[in-house]
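J.: Let me begin by handing over the structure; questions about it come next.
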Amino acid sequence: MVAKAEVIHQSLDVQYRCVAKEIDEIVDISTAASAVAELGPEASAVTVDVTVSELELRKSDAMLDISVKPLRFVPSIRSGSFADIGHRRYMEDEHIRIDDLSSHLGSLLRCPEPSAFYGVFDGHGGPDAAAYIKKHAIRFLFEDANFPRASEADNNFVESVENSVREAFLLADLALAEDSTISSSSGTTALTAMVFERLLLVANAGDCRAVLCRKGEAVDMSQDHRPIYAAERQRVEQSGGFVDDGYLNGVLSVTRALGDWDLKMPRGSPSPLIAEPEFRQALLTEDDEFLIIGCDGIWDVMSSQHAVGVVRRGLRRHDDPERCARELIMEALKLNTVDNLTVIVNVASMYINLVTMMKIYSYGYTTK
């Protein structure tokens, strides 16, 4: 995408005074015009955080008003991930990271662009359930559950996606019961995050967590499903279960999971342990900096805001989400977490606007 603006001037040495959010700089109009022409389609790859509010033309005593229409925010997605066994004997975590979902699925999916998919699966009772869900997640979500096809993320699309993802979680849960190679005592939590255009949709069953950084502040995009959570405890007790010392039926530390069929009631009966996910959604803007998706090994020892601070400092230093994911896990280890550790850091940026193009050309661009 190329930014376009009509420029009215009398000579090439006319100067523009750009007035934008926290910007008050003089640039030469001939320089600015050249910057627009030279950057071309590559302009969309540059991350910026300024918005045009006014553009004034001054030369001597004359003043002309120029209107520049700012570009609509569109996320540009990139991510990194890291996993560590921690102090456990076995690694039971799995994860999926797809920055370009449409290209990954090809003709299987027609969806709003850009599109991305991420998943974290924290196994218990052995690694089998989490490994199975990772292996078959694409089939469950985008084939068996009749994932909707659309060109834009309107309300109908969002509702259809939620219904489809809910169906996929339940299908995956039943598949674990039917697969004779999976122990009935093996289970996994599951958290998925999807991006379609500006829509972020998170589905969660268990105690993995998604945290959005909005202008430096942590915004939880999921609720930990643990017995100490009042709403979950009430549901558990109404379904015939009980909570003992913070554990569901005295055994499990989560109230929602896929698998664990030795703890679930016969099919069709109310069960204290369920696989149905809860959903949260957000419409991304230029204020949204990145998303953290991590298993409970991270959240056992640090708050959402603490994690946001670690990643934010890392991005300012090196702008590498892969390194940020590793640094977050190293921080959790320093804080003496005892669990397996898996985290995905997703960074979203926006398309460039005219003021920033002029700054790049005239002064060079630096990330704050």
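Where a number appears in this text, it was derived from the coordinates with a stated rule and is not lab data. Keep in mind that what you see is a predicted model, and the values were worked out from it rather than measured. Glycine also receives a Cβ, built like all others from the backbone with ideal geometry; neighbour counts cover every protein chain displayed.
J.: Of all GluC sites (Glu not before Pro) in segment 141-225, which ones are in loop regions per DSSP and have a Cβ with at most 16 other Cβ atoms within 10 Å? Kindly include the intermediate steps, with their values, before the conclusion.
T.: On the way: sites: 143, 152, 159, 162, 167, 178, 197, 217; in loops: 152, 197.
Filter output for segment 141-225: 152.
J.: Using just the Cα positions, wrap segment 195-245 in a convex hull and report its mean projected area in square nanometres, one decimal place.
T.: Numbers: hull surface 20.1 nm².
Over all viewing directions, segment 195-245 projects a mean Cα-hull area of 5.0 nm².
J.: In 10 Å bins starting at 0, how do the alpha-carbon pair distances of segment 70-145 split up by percent?
T.: 16, 40, 28, 13, 3, 0
J.: For each of 183, 107, count neighbouring Cβ atoms within 10 Å of the residue's Cβ, then give the residues from fewest to most.
T.: On the way: 183 17, 107 5.
Lowest count first: 107, 183.
J.: Still on this model: Nothing charged except the Cβ atoms of Lys and Arg (+1) and of Asp and Glu (-1): what's the magnitude of the dipole of segment 204-286 about its Cα centre? Round to the nearest 20 debye.
T.: Details: 10 positive and 13 negative charges, 41 e Å.
About 200 debye.
J.: Let's test the formula: R0 of 56 Å, r as the Cβ-Cβ distance of residue 179 and residue 320. What FRET efficiency results, to the nearest 0.05? Can you show the working numbers first?
T.: Numbers: r = 38 Å, r/R0 = 0.69.
The pair residue 179/residue 320 has a calculated efficiency of 0.90.
J.: Related question: Between residue 90 and residue 113, what length in nm is gained on full extension when 0.36 nm per residue of separation is reduced by their alpha carbon distance?
T.: Working: separation 23, 0.36 × 23 = 8.28 nm, distance 3.82 nm.
Computed gain between residue 90 and residue 113 is 4.5 nm.
J.: Rank the residues 337, 285, 342 as a footprinting-exposure proxy: fewest other Cβ atoms within 10 Å of their Cβ go first. Spell out each step's value before the answer.
T.: Details: 337 21, 285 13, 342 28.
Fewest-to-most ranking of 337, 285, 342: 285, 337, 342.
J.: Return the ratio Rg/(2.2 N^0.38 Å) for segment 102-205, where Rg is computed over Cα atoms only.
T.: Details: Rg = 14.2 Å, N = 104, 2.2 N^0.38 = 12.8 Å.
Normalised by 2.2 N^0.38 Å, the Cα Rg of segment 102-205 equals 1.10.
J.: Based on the inverse mean of 1/r over its pairs of different Cα atoms, what is the Kirkwood hydrodynamic radius of segment 126-184, in Å?
T.: With all distinct Cα pairs of segment 126-184 included, I get 12.4 Å.
J.: So, one more: Percent of alpha carbon pairs in segment 116-272 separated by more than 24 Å? Working shown, then result.
T.: Numbers: 4518 of 12246 pairs.
Summing the P(r) tail past 24 Å for segment 116-272 gives 37 percent.
J.: Can you give me the long-range amide H partners of residue 79? Hydrogens built in the peptide plane at 1.01 Å from N, cutoff under 5 Å, separation of 5 or more residues or another chain.
T.: Close amide H contacts, sequence-distant or interchain: 347.
J.: In addition: Can you pull the one-decimal nm distance between simple spin-label points at residue 214 and residue 303, each 7 Å off the Cα toward Cβ?
T.: With each label point 7 Å from Cα toward Cβ, the separation is 1.8 nm.
J.: Would you kindly compute the Cα radius of gyration of segment 238-308 and its largest Cα-Cα separation (Dmax), both in Å?
T.: When restricted to Cα atoms, segment 238-308 yields Rg and Dmax of 16.5, 47 Å.
J.: Tell me, in nm to one decimal, what length is gained between residue 330 and residue 244 on full extension, where the rule is 0.36 nm per residue of separation less the Cα-Cα distance? List each step's numbers first, then the result.
T.: Working: separation 86, 0.36 × 86 = 30.96 nm, distance 3.25 nm.
Value of the extension gain: 27.7 nm.
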